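Heads up: the structure comes next, in structure tokens.
The values are calculated or read from the model by the stated rules, or taken from the named source; none is laboratory data. Note that the structure is predicted; figures quoted are calculated from it, not measured. No Cβ is skipped: glycine too gets one built from the backbone with ideal geometry, and neighbour counts run over all protein chains shown. What goes into the accessible areas is simple: the full protein's heavy atoms, side chains included, and nothing from ligands, DNA or RNA. Shrake-Rupley method; radii C 1.70, N 1.55, O 1.52, S 1.80 Å.
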Amino acid sequence: MTEHAPGGSRLPQQRRLVTEIPGPASRDLLARRERAVARGVSTMLPVFVTDADGGVITDVDGNSLIDFGSGIAVVSVGNAAPRVAARVAEQAARFTHTCFMVTPYAGYVEVCEELARRTPGTHDKRSALFNSGAEAVENAVKIARHATGRQAVVAFDHAYHGRTNLTMALTAKNMPYKDKFGPFAGEIYRMPMAYPLRWPGGRDAARAEALGAVTAQIHAQVGEDNVAAVIIEPIQGEGGFVVPPEGFLRGLASYCAEHGIVFIADEIQTGFCRTGDWFACEHEGVLPDLVTTAKAIAGGLPLAAVTGRAEIMDSVHVGGLGGTYGGNPVACAAALGAIETMAAHDLAARARRIGDIMLPRLHKLAEAYPVIADVRGRGAMLAVELTRPGTLDPDPVTTAAVSRACHQAGLVTLTCGTFGNVLRFLPPLVIGEDLLDEGLTILEDAFAAACSLEEPSPAG
Ligand code: PLZ
């Protein structure tokens, strides 16, 4: 049965290729881009976009591609979602900026009210708004340090928290995020991640040992009383869609509570219905002290937030938090439109439905292609990890080949992972089920093509 994106679609919800990918008009723009845009800002798939809606992206050559990326988990409500576009237009025509620290407006307060309502826990909460995920993480750390009077911050292997100086220090992966950009901020301590596929001794050992290993290392290397905050993504994003075993996050949260450590859940990629709940922490009933959000919060406009326990948030003196643009009125209007869309269409349920459709197909793919060592994720945040069959040696080459084959066939896919060997899937939550099926078929064909090109493994 065909399902349409909630609210109807402005663009035909179909894949249509009329040129090679990228086409000639995109290649012209790419050449101009190379002369004008800094090389350090990379582009994964250089089709220049003219329009996007629901589950499709159209380009300057007239191609229509299926979107399995959502601009890295941002346009969960669909691109240019009607409620977002309408509220943005209305707000932009009224006023575009005053600076909330100079003369405030209701939209900022309303977004903070929504955050209090939607984030885990019914305790008294406060929020502060910022422009990017990295900025939210920076501020969560500032707040945790201020509230505790402590300095150390614990982060994890494979973590991603941003590209600013402090957040580079929190991010685990060197290339491309950190290489030669140091010196990095101090007082950051990295602990092993409960990574079921890669924990020494395997999945059961990860479940049994990871929490104990982390807390023992914190005790030995840092000292609980020095730790201001532990920050973790409930499901790691850029680091490879790593899902910790059930109980790990809960255990970590209670360990933090026991030692007066602020537990920060970085829900920048997992938040706002992506994993089948409003926030990924809800799955296990984990109650973070602070939550960082960004990405899907505003349907594509730049907005981020720190939300948390009133007594922690309000430990900061008046004037201690802020920024010129944080909680810009147009971005707040977009957020109110996005949140309204998520609630009206129960996009958390749609994320679960997407998972129900995709997971069996991904597991079948893993049976057919031994290069797939793991299928994981939750809701509409799903991934496959590729290794040399029968080993844990990462296979970024086949990962890139599969991704490229998808792109050429008109399916936007993303890769991730510390070793670049994870294909991740983040379709807009409003994608039609026919497009979802077609995208999965393209993925299956891409595996067939990429794996048939593989060199036969050496004898023996
Ligand atoms: N925390 C969990 O996923 C952003 C990064 C893309 P910003 N992830 C996409 C890239 O290569 O720069 C992210 C995240 C988590 C923090 C961030 C940072 O959010 O809005 O990109 O600053």
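The figures follow:
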{"item": "Extreme residue, positive dipole direction of region 83-344, given options G322, I232, A85 (C-beta unit charges)", "result": "A85"}
{"item": "Per residue accessible area in Å² of the chain, where ligands, DNA and RNA are left out and the probe is 1.4 Å", "result": "41 Å²"}
{"item": "Cα-centred dipole magnitude for the chain, charges only on beta-carbon of K, R (+1) and D, E (-1), debye, nearest 20", "result": "800 debye"}
{"item": "Of all DSSP beta bridges in the chain, antiparallel share, percent nearest 5", "result": "65 percent"}
{"item": "Share of carbon and sulfur in the accessible heavy-atom surface of region 1-119 [1.4 Å probe, %]", "result": "55 percent"}
{"item": "Nearest-0.05 FRET efficiency for A106 and D51, computed from C-beta distance (R0 25 Å)", "result": "0.20"}
{"item": "Label point distance in nm, R94-R35, each placed 7 Å from Cα along Cα→Cβ", "result": "4.4 nm"}
{"item": "Region 83-344 - share of DSSP beta bridges that are antiparallel (%, nearest 5)", "result": "40 percent"}
{"item": "Proximal charge balance of S70 [Cβ under 10 Å; K/R count +1, D/E count -1]", "result": "+1"}
{"item": "Within the accessible area of region 300-392 (1.4 Å probe), percent carbon and sulfur", "result": "55 percent"}
{"item": "Bridge type composition, region 184-324 - antiparallel percent by DSSP, nearest 5", "result": "35 percent"}
{"item": "Distance (nanometres) between label positions extended 7 Å along Cα→Cβ at S315 and A205", "result": "3.7 nm"}
{"item": "Value at 222 nm in deg cm²/dmol, rounded to 500, when DSSP H runs of n ≥ 4 in the chain each add -39,500 (n - 2.57)", "result": "-12000 deg cm²/dmol"}
{"item": "Local electrostatic count, L414, Cβ distance below 10 Å [Lys/Arg +1, Asp/Glu -1]", "result": "0"}
{"item": "Segments 407-416, 82-91 sorted - mean Cβ within 10 Å per residue, highest first", "result": "407-416, 82-91"}
{"item": "Furthest towards positive pole of dipole, L29, M381, A343, structure part the chain, Cβ charges", "result": "L29"}
